[in-house]
Each structure stands twice: as C-alpha cells, then as structure tokens.
Amino acid sequence: MVRLTKESAPGSATILSKAPKLGIVHIGLGNFHRAHFAVHTAQAVAHSGGDWGIYGYSLRSSTAAHELAAQDFLYSVVDIHPDSERTLIPGIHVGASGGPGALEEVMAFLVNEHTRIISLTITESGYCYSTETGGLDQRRSEIIHDLDDLTTPHSVIGLLAKALLARAQTHRGAVTIVSCDNLTSNGATTKRVLLEFAAQLPPPDALLLAQYINEATSFPNSMVDRIVPSTEERHRLLVQERIGVRDEIPVPAEKFSMWVLEDDFIAGRPAWEHAGVLFSSEVDRFETMKLRLLNGSHSLLSYVGALAGKETVPQARFTPYIESAVRAFMKNEMLPTFSMPSQVDADHYIEELFSRWSNTVLSDTTARIGSDGSIKLPPRITQTSLFHGKAGNTTPLTALILAAWLACVAPPQGFDPGPIARAMKDPALEYLAGLSAKAEKPAYIVEQLFSEGRIFTKELNALTRLKTDVTHFFEKIQSDGVESATEDALSQITRR
Ligand code: CS2
C-alpha cells in the first residue's frame, strides 16, 4: 500500500493548507496537538492566509518527528463519530524534531525572529508547577538540573527560558506563548513559572530574562477541548479505506472541538476566529467549567469505571450507578462552586457531555484518562473541596473519586485493583507504591497522602471530613467493591 506523502496525497481528503512559511514553534507533538491546535490553525490559514506554518518539537523523543518527516509532515485527522466521515490533512507543519540531539535545531527555530507564537501541549506535568504554591516546583529534578546548567535543558520550562533569554540577548522580537493544557489559568501559570525560574538564574541573566518576559511576551489563557484517544491499527485501516493511502500516524478524534482564547497576542496571530475559535473575556469561566464538569467527571468515570472492569468511557457512562454518580457529582459538588460562562446553559452543556461520552466508535479508554492522576486531580478537585469545606458541606462523590484513584494507584497490600488500573501510568507511581507498600489499611495511605502534601496542597489536610470520607470509601471499595461504595456515596447525597 502506498504511504501518505506529498506525492501520494489523495484528492479525497482535504489538505487544508500547503505548509505556509514558519510563524509558530509548537512543543509537544502528541495526538492532541495534531487534532486540535494544528487543525484550527490550518483552517485559519486556509481561510485567511498568513505565515503561520508550524515547526514541531518533542523534548523527550524524536519518534513523532521521524514519523512525520517520513510522510512529508502530512497526517490525517479522522472524525470518529457515527455520522461523520470527515478526514482532514492539516498540512500545516513545516518541520519537526525531537530529543536532546535536536536541541540546536529547535533553539534556532525558537529564537528565529519569524517565530511569533510558541505553543505548548506538554501535559499538566510539563509545567513543573507546584500544586501547593501554583508557582515553580523547585524540587523537581529537571528544574534542579536546569537551574544548575541550562546547556541541555531537561524541562520545557528550562528550554523556554533558554530560548527567551537568547531572544532577549539578540533581536528582542516579541512572541506569544500559548499554553494548550488543562491547567487553571494556563497562560498566567506558565508566565509565573517562567518568571520564578528566571529569578533563580545568575545575574545579569535573571534581570534580562524577567525584563524581556514582562515587556515583549504575552501569555493568553485558553480553554481547549477535544477528546483525542491514542492511535490504534483500526484507525490506520479506517483511513486507508477512506483515503486510499496508508497513513502510519493518523489521529482519531471526536467530531466536537472547542477552543476559547483570550485575545492577547503581542506579535499577531492566525485568523482563528474564522476557524471555529471563540475569543472571549470569559476564558476563566470556560476553563473552570471544562475542568470541573468534563475533566472532573472524566476522573470519576475512569477510576470508578476501571475498578468496575469498564475499559472504555461509554461502558462506564452507560453503567447506571456510575451515570448517577457523575450526575450527582456535577450537580451537587461542582456546579455550586463557579459561575458558568454567560452564554452557556449548564443543563445543555451537561447533556452534550453525556452524548460525547456515549461515542462507542471512539471508545476512549479509562486507562488513558486515569493516567497521571497525581497531576490531573489537583486542578480538578482542590478548589471545589476547599469551597465546600469552608461552607461546611460534605462532598461524598469527590471523596469517592479520591478513594477510587487511590485504590487504583496505591492499592493496600492484598487488594488487586485489576488490569485497567494496573495499566495506568503516573509520574508519582513510585511515591504512591511506597505509601501502599507500608500499609494494609487505607487509613494510613490517606493520612500520609494528605499530611505529606506532595500531591495535594496541605490546605486539604485540614479538611478532616473529606479525609474521613475518602478513608471510608477506600475501605468500602476494598471490602465490598466499587459499586457498593458508589451506592453508599449516592445515598449520602439523598439523605441530605
Ligand atoms: C481527559 C482529557 O486525560 C484526561 O484526563 O480528561 O484528556 C480530556 O479528554 C480532554 O481534556 C478533552 O478536551
């Protein structure tokens, strides 16, 4: 079968833009970027033109870059939806590289004056921010390394600091840094982490970098949303059927895609308003809504679902007791904690979420969502727990999520959470395994987790009722199973 390249690119799939000149360097070449930022940008360029070609880089590995290069930077994005056969080829990448071996090359692109946007999809953990302070986590080994020696950065924060410093020392051209990850105030957080990193550098670099960041960069906040699972062979076969050539790296994605951005681009931007992007002064509300309703519920679906043997989100969502728990979680524990964006109706948004989670052809997995819980959970449940703690409310479903997460990733001795939980990856797995190795009883694990404050801010340690509830549901999961624990959590809501 002929492989997708410039020569073989089929007429049956739309190539959106034919690699315009460089304007953007993107860090993090995973599926989410390829189906979200790249598609919206290609659509904007197809509509209004502009030199907004993307050069992509991955810090840790060169695999994605090699795969892209083998196909002349072309790949397809396939809607996986019962009533859409849309297959798009963004065609917006002008080059890519990865790993420390390509540092010189990516630095040249980052420092290039034509680069006016640096965008990021580096996952929550890539920002090296402390969930306790919201600023730079100086205990992270990559940060310790980069502050000591910035020659070959181990973190994206170090790489950005190195590149921005080089810009500050040369042309001082303005650039916007756009975070496309699920963090609260993702732009402001990125700026704060970078400024705190800059402050630790030796003089005169510290001052020079801080000045450049304050005067010649901007960090718009954004809310990004598209469910993009990992690529499987069935997706390659589907693309082959649809476009008649072999694409080794297609990206499966739901049809839905949403991007809400603050219009704060110091050096210009693509005409994204013609590509379905919403520019809004209410980005913080959109972000909070999405983090708490979509991502928070996703965590519930994945941990409770995994323990119940549900491999996919639709399987979990169609399990009646899990659906009831998600609905009660949103209504009682999430919705009261924030204001919805003025133009979004909560009931409509929630029903749309259930319909997105019902997509059986997409079959997003609970193991994918359950991975990296130690980084994903704090922005999803911390503020809401503190809100309810202050008001004297209990939050049994939040406690259930935490208990189910711990049962998956820090199972007490003698408890087997099953194969889905065991497939979940997490940067804190060693720490969590250390907690559970010492314990047969959930109470010990819960107490250590909250009092040590390594994953959640120590403020949560003061929420005695939350800790008691987490312990109770954790024990219940261990003794009676996850269904019984969930019914118990639900009954606490009805008894109120
Ligand atoms: C998910 C997200 O991985 C997760 O925890 O909740 O990746 C989710 O699919 C995206 O944020 C959807 O936009």
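Accessible surface comparison of 321, 127, probe 1.4 Å, protein chains only, largest first: the order is 321, 127. Between the amide H of residue 86 and those of 79, distances stay under 5 Å, these residues lying 5 or more places away or on another chain, with hydrogens modeled in the peptide plane. Distance between the 7 Å Cα→Cβ label points at residue 12 and residue 390: 5.8 nm. Taking a quarter of the surface of the Cα convex hull of region 67-172 gives a mean projected area of 9.8 nm². Rolling a 1.4 angstrom probe over the protein heavy atoms with all chains in place gives the chain an accessible area of 38 Å² per residue. Taking packing as the residue-averaged number of other Cβ atoms within 10 angstrom, the listed peptides 34-44, 270-280, 458-468, 377-387 run from highest to lowest as 34-44, 377-387, 270-280, 458-468.
Note on the chain: dipole from Cβ charges, positive end direction compared against 468, 39, 59; the farthest Cα belongs to 468. Taking a Cβ cut-off of under 12 Å around residue 301, the surrounding Lys, Arg, Asp and Glu residues balance to a net charge of +2, with basic ones at +1 and acidic ones at -1. Coupling constants for region 280-287 follow from the phi torsions by the Karplus curve (6.51 cos²θ - 1.76 cosθ + 1.60, θ = phi - 60°), and in residue order they are 8, 8, 10, 3, 4, 5, 4, 4 Hz; glycine and proline get x. Modelled label positions at residue 172 and residue 85, each set 7 Å beyond Cα in the direction of Cβ, lie 5.7 nm from each other. If you sort 192, 226, 236 by accessible surface, 1.4 Å probe, largest first, the order is 192, 236, 226.
With r defined as the distance between the Cβ atoms of residue 5 and residue 281 and R0 fixed at 41 Å, what FRET efficiency is calculated, to the nearest 0.05? My answer for the efficiency is 0.40. Principal axis analysis of the Cα atoms in region 383-468 yields extents of 38, 23, 23 Å, listed in decreasing size.
Label point of residue 465 set 7 angstrom out along Cα-Cβ; within region 354-397, amide nitrogens under 20 Å from it belong to 381-397. Placing 431, 303 in order of accessible area, with the largest value first and a 1.4 Å probe, yields 431, 303. Using a probe radius of 1.4 angstrom, the carbon and sulfur fraction of the accessible surface of the chain is 50%. Measuring spread by the Cα atoms of region 52-102 yields a radius of gyration and Dmax of 13.2, 44 Å. Electrostatic bookkeeping for residue 169 treats Lys and Arg as +1 and Asp and Glu as -1; over the other residues with beta carbon under 12 Å from its beta carbon, the sum is +2. Computed about its Cα centre, the charge dipole of region 14-279 is approximately 360 debye, with only Lys, Arg, Asp and Glu carrying charge at their Cβ. Within region 14-279, the ratio Rg/Rh, alpha carbon atoms throughout and Rh by Kirkwood, equals 0.97. Length available on full extension from residue 494 to residue 331: 0.36 nm per residue minus the Cα-Cα distance, which gives 57.4 nm. Packing around the peptides 114-122, 81-89, taken as the average count of other Cβ atoms within 10 Å per residue, puts them in this order, highest first: 114-122, 81-89. Label sites at residue 323 and residue 342, each approximated as a point 7 angstrom past Cα along Cα to Cβ, lie 3.6 nm apart. Entry note, the chain: the mean residue ellipticity at 222 nm calculated from DSSP H runs of n ≥ 4, each adding -39500 (n - 2.57), is -14000 deg cm²/dmol after division by the residues and rounding to the nearest 500. In the calculated pair-distance distribution of region 283-494, the portion above 31 angstrom amounts to 12 percent of the Cα-Cα pairs. With 43 Å as the cut-off, how large is the P(r) tail for the chain, expressed as percent of Cα-Cα pairs? Value for the chain: 15 percent of Cα pairs lie more than 43 Å apart. Hey, which of these cross-link pairs are over 21 Å Cα-Cα: 162/191; 425/458; 310/438; 255/331; 390/467? Exceeds cut-off: 425/458; 310/438; 255/331.
The values are calculated or read from the model by the stated rules, or taken from the named source; none is laboratory data. This one's a predicted model, so the numbers in the text were calculated from it and none came from an experiment. Please note: Cβ atoms are built from the backbone with ideal geometry, for glycine as well, and neighbour counts cover all protein chains shown. To get the accessible areas, we keep the full protein, side chains included, count just its heavy atoms, and leave off ligands, DNA and RNA. Shrake-Rupley method; radii C 1.70, N 1.55, O 1.52, S 1.80 Å.
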